[in-house]
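Some notes on the structure that comes next.
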Amino acid sequence: MVGREKELSIHFVPGSCRLVEEEVNIPSRRVLVTGATGLLGRAVYKEFQQSNWHTIGCGFRRARPKFEQVNLLDSEAVHHLIHDFQPHVIVHCAAERRPDVVESQPDAASQLNVGASGNLAKEAASIGAFLIYISSDYVFDGTDPPYTEEDIPNPLNLYGKTKLDGEKAVLENNLGAAVLRIPVLYGEVEKLEESAVTVMFDKVQFSNKSANMDHWQQRFPTHVKDVASVCRQLAEKRMLDPSIKGTFHWSGNEQMTKYEMACAIADAFNLPSSHLRPITDSPVIGAQRPRNAQLDCSKLETLGIGQRTPFRIGIKESLWPFLIDKRWRQTVFH
């Protein structure tokens, strides 16, 4: 069943401009996406909207004009948003996801990653909404991969601990919720610094200067549009089957260090990579990272849920707008 609402639109023809009230179809399935201004949130919002869901996104600093501006630490504002919109599904993407920032601002990170998540779970439960909480592979210590959903978490840094505490807060306040653990993400960034993968592009492009790249930590770069698709598939399966709940894993399946990612990026754009230097020592600066926190995704795959974009294809799509030397475009795409 699809509802109808009145909407104002501007009709413009040369010589005249008028405001017209038109009836528009409103999809019956409603989803709320938190952190909709972020890299993952934008992809999740777009995925649901393009799949005939009535989609509302909320953000904080960058919300207006496209999204609702809501401080997730304001429990009253969160209550009103959820009870006014009455979503069937909530995808909770908002988080402080930078490990070094979490270490330097632990209280603020905990309020968002744990406190706000628990409150959101409680509000979702009060209206019977299905909550998908986005978590991280950093809940594991990386010593014995691959990790299934049943393996015991042991986070090495405060970021991983806040995400694990967030998982507990969500599942304690909402027995029907889902936790989706994912690894390092990349996609259509607004700026290169938005992803730990795309941020390497400048070092790749400036080949006149040698660059040290980590060749110790094993990562599984995952495209945000694949995670968004998994969230939608999970939500749609849950609408038909209430037993869909609990913890799930999703990840790309190409294992790479940052050095190997950088070389793959160089190769995708026909750029030199001889200036990139692999560093095989364990990093000593910043928050401690797990060596290899590979996620076993067979639980979702068994449900018929999943989507994977090959890294070479996904990274080329994502970084194309940031290519400095436009002459390379001819060799890359023609």
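The values are calculated or read from the model by the stated rules, or taken from the named source; none is laboratory data. Because the structure is a prediction, the values reported are computed rather than measured. Glycine gets a Cβ as well: all are built from the backbone with ideal geometry, and neighbour counts include every protein chain shown. Keep in mind that these areas ignore ligands, DNA and RNA; they rest on the heavy atoms of the full protein, side chains included. Shrake-Rupley method; radii C 1.70, N 1.55, O 1.52, S 1.80 Å.
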Quiz item: Would you pick out the residues in region 22-64 that are touching a residue at least 24 places away in the same chain (Cβ under 8 Å), basic (Lys, Arg) and either touching a Phe, Trp or Tyr at 6+ places or on another chain (Cβ under 8 Å) or over 20 Å from residue 120 (Cα atoms) (or both)?
Solution: 29, 30, 46, 62
Practice problem: Show the residue pairs that are 6+ apart or on different chains and have beta-carbon atoms under 8 Å apart, the first residue being within region 162-173 and of a type in the set (Gly, Ala, Ser), the second being assigned to a helix (DSSP H, G or I) and open to solvent by 10 Å² or more (accessible area, probe 1.4 Å). | Solution: 166/114; 169/114; 169/115
Exercise. Go through 126, 110, 135 for me and flag whichever is under 17 Å from the mean Cα position of the chain (by Cα) and hydroxyl-bearing (Ser, Thr, Tyr).
Key: 135
Quiz prompt | The one condition in (1) in a helix (DSSP H, G or I); (2) open to solvent by 30 Å² or more (accessible area, probe 1.4 Å); (3) under 22 Å from residue 94 (Cβ atoms) that residue 202 fails to fulfil | solution = (3)
Practice problem: Find the residue count for region 1-45, including only residues that are open to solvent by 100 Å² or more (accessible area, probe 1.4 Å) and at pLDDT 95 or above. | Solution: 0
Quiz item: Among the residues of region 230-254, which ones are touching a residue at least 40 places away in the same chain (Cβ under 8 Å) and small (Gly, Ala, Ser)?
Solution: 235, 246, 251, 252
Exercise. Any chance you could count how many residues in region 73-89 are more than 19 Å from residue 132 (Cβ to Cβ) and of a type in the set (A, V, I, L, M)?
Key: 2
Quiz prompt | Top-ranked residue in region 295-328 [being farther than 30 Å from residue 153 by Cβ and assigned to a loop (DSSP other than H, G, I, E, B); ranked as least open to solvent (accessible area, probe 1.4 Å)] | solution = 323
Quiz item: In this structure, does residue 227 turn out to be assigned to a helix (DSSP H, G or I), open to solvent by less than 10 Å² (accessible area, probe 1.4 Å) and touching a residue at least 40 places away in the same chain (Cβ under 8 Å)?
Solution: yes
Quiz item: Counting only residues that are under 30 Å from residue 289 (Cβ atoms) and modelled with pLDDT under 95, how many does region 46-70 have?
Solution: 4
Practice problem: Could you grab me the full set of residues in region 55-81 that are over 22 Å from residue 166 (Cα atoms), of a type outside the set (S, T, N, Q) and surrounded by 15 or more Cβ atoms within 10 Å (Cβ to Cβ)? | Solution: 56, 63, 67, 68
Practice problem: Return the only residue of 318, 273, 282 being among the hydroxyl-bearing types (Ser, Thr, Tyr), within 21 Å of the chain's Cα centre (by Cα) and at negative phi. | Solution: 318
